[in-house]
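Here's the structure, in C-alpha cells; my notes come after.
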Amino acid sequence: MIYETALVLRTDIDEATINSVKNVVADVLKEAKGEILINEDWGVKTFPQTIGNNHKKGHYVYWMYKAGT
C-alpha cells in the first residue's frame, strides 16, 4: 500500500534538527521494509488560524512511501 505522512515542525528549530527528524523517519521506514517514493521539504507555511501558544507558522515535511499491509 502507499501511504502519506506530513509533519509540521516548529519554525524555531535549526536545519540540523530538521535533518535529524527526516533521518529518523527514513530509518523507521527502512526498518519496516518500506520504500520512500517522495520526500519533500515544503518549508515554512502560515496556518489558517493560530494554534497552541499563539503559533502562526510551521515547517512542513512530507513523505509518500510504500509499506506492507
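The values are calculated or read from the model by the stated rules, or taken from the named source; none is laboratory data. It should be emphasised that the depicted structure is a prediction, and the values quoted were computed from it without experimental measurement. FYI the Cβ positions are ideal-geometry reconstructions off the backbone, even for glycines, and counts take in every protein chain you see. Ligands, DNA and RNA are stripped out before the accessible areas are found, and what is left, the full protein with its side chains, is counted by its heavy atoms. Shrake-Rupley method; radii C 1.70, N 1.55, O 1.52, S 1.80 Å.
Based on DSSP H segments of at least four residues, each scored -39500 (n - 2.57), the chain has a per-residue ellipticity at 222 nm of -8500 deg cm²/dmol. Please name whichever of 51, 23, 67 sits farthest to the positive end of the charge dipole of the chain, dipole taken about the Cα centre and charges placed at Cβ: Lys and Arg +1, Asp and Glu -1. My answer, from the dipole projection, is 51. Overall, the accessible surface of the chain at a probe of 1.4 angstrom is composed of carbon and sulfur to the extent of 52 percent. Against the chain, whose longest principal axis is taken from its Cα atoms, helix 15-31 shows a tilt of about 30°.
Rolling a 1.4 angstrom probe over the protein heavy atoms with all chains in place gives the chain an accessible area of 74 Å² per residue. The number of Lys pairs in the chain with C-alpha atoms less than 20 Å apart, excluding pairs fewer than 8 positions apart on the same chain, is 9. Extent along the principal axes, Cα only, for the chain: 38, 25, 18 Å, with the longest axis given first.
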